[in-house]
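For reference, the structure discussed in these notes is given below.
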Amino acid sequence: MSDGRQGATLAATLRPRLRLAAAWVIGGAAALFVANLLSYWAIPVVAVLLALCWLGLLIDGLVRSWRLRAAGIPALLPPFVPIVALPFAAFLASHALYWSHVAPSWWLLRSERSAFDRARSGGPWPTGVAIVEQAAPRTAFTTRIGPFGSWAAIVHDPTDRMAAARGWNGGPVAADIANVFGNNTIWCQRLDSHWFHCQFG
């Protein structure tokens, strides 16, 4: 096979696999986002399905590489595509999971803002709030309780110190807010003004 024909064959082999890898990266992040919105238990199911899809891409790449072995080193590119896709997938998955926690709180606060303001003054709890915790001057409106003791809340903090909680993926959490509401503060994301979405464990 001439170099030109080898190159054309390799390019024709790589193009659909690049598209599949891109679809796996972007679609996987979207699937994780939706799964985390629905239920903690949906995440393992989606993760297993994504792992099986990736394994399928890798096996397909190895088969194509074997068939193109006469092309030499370039024949190694098909299995290299899913391997290169992994760090991009990890980056997008991390952000998808992060924002899938924040988005419902942002929407709840946006749609029920007056109810949250009234609740801070002793009014009824807003829709979607399970528990209200006080740790003056902060108020936590619990929105989600995890299966292993973790919980999420929309927190009103007039001091804005909760903004210093950056424990997602091992970031720092300031000492003065590391243990509020009787639990370990994991991370917080500002929603609006003095309002935050926070995760506790």
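Do you know which residues across segment 45-75 are closer than 30 Å to Pro147 by Cα and open to solvent by less than 70 Å² (accessible area, probe 1.4 Å)?
Across segment 45-75, the qualifying residues are Val46, Ala47, Leu50, Ala51, Trp54.
Hey, does segment 104-124 have a residue that's of a type in the set (D, E, K, R), open to solvent by 70 Å² or more (accessible area, probe 1.4 Å) and either in contact with a His (Cβ under 7 Å, 6 or more places away or on another chain) or under 30 Å from Cys53 (Cβ atoms) (or both)? Working first, answer last.
Pass one, segment 104-124, residues of a type in the set (D, E, K, R): 110, 112-113, 117-118, 120.
If we keep only those that are open to solvent by 70 Å² or more (accessible area, probe 1.4 Å) too, we end up with 110, 113, 118, 120.
Applying the additional criterion that residues be either in contact with a His (Cβ under 7 Å, 6 or more places away or on another chain) or under 30 Å from Cys53 (Cβ atoms) (or both) yields 120.
Yes, segment 104-124 contains a residue that is of a type in the set (D, E, K, R), open to solvent by 70 Å² or more (accessible area, probe 1.4 Å) and either in contact with a His (Cβ under 7 Å, 6 or more places away or on another chain) or under 30 Å from Cys53 (Cβ atoms) (or both).
Under 8 Å by Cβ, and 6 or more places apart or on different chains, what pairs join a residue from segment 13-32 that is closer than 14 Å to Leu77 by Cα with one that is assigned to a helix (DSSP H, G or I) and open to solvent by 40 Å² or more (accessible area, probe 1.4 Å)?
Pairs that qualify, where the first residue is closer than 14 Å to Leu77 by Cα and the partner is assigned to a helix (DSSP H, G or I) and open to solvent by 40 Å² or more (accessible area, probe 1.4 Å), are Thr13/Arg64; Leu14/Leu77; Arg17/Asp60; Arg17/Arg64; Ala21/Val84.
With the requirement that a residue be in contact (Cβ under 8 Å) with a residue 24 or more places away in the chain, of a type outside the set (Asp, Glu) and more than 27 Å from Pro44 (Cα to Cα), what does segment 114-149 give you?
Phe116, Arg120, Ala135, Arg138, Ala140, Phe141
Name the pairs whose Cβ atoms lie under 7 Å apart, with the first residue in segment 49-64 and over 12 Å from Ala85 (Cα atoms), the second β-branched (Val, Ile, Thr) and open to solvent by less than 50 Å² (accessible area, probe 1.4 Å), and 6 or more positions between them or separate chains?
As it stands, the answer is Gly61/Val81; Arg64/Thr13, since those pairs meet every condition given.
Starting from segment 157-175, keep only residues that are more than 17 Å from Ala135 (Cα to Cα), then list their pairs with residues that are of a type in the set (Gly, Ala, Ser) and in a strand (DSSP E or B) whose Cβ atoms are within a distance under 7 Å, requiring at least 6 positions of separation or different chains.
So the pair list comes out as Val173/Ala165.
The values are calculated or read from the model by the stated rules, or taken from the named source; none is laboratory data. This is a predicted model, so every value here is computed, not measured. Virtual Cβ from ideal backbone geometry, glycine too; neighbours counted across all protein chains shown. Protein only, heavy atoms only, side chains kept; ligands, DNA and RNA dropped before computing areas. Shrake-Rupley method; radii C 1.70, N 1.55, O 1.52, S 1.80 Å.
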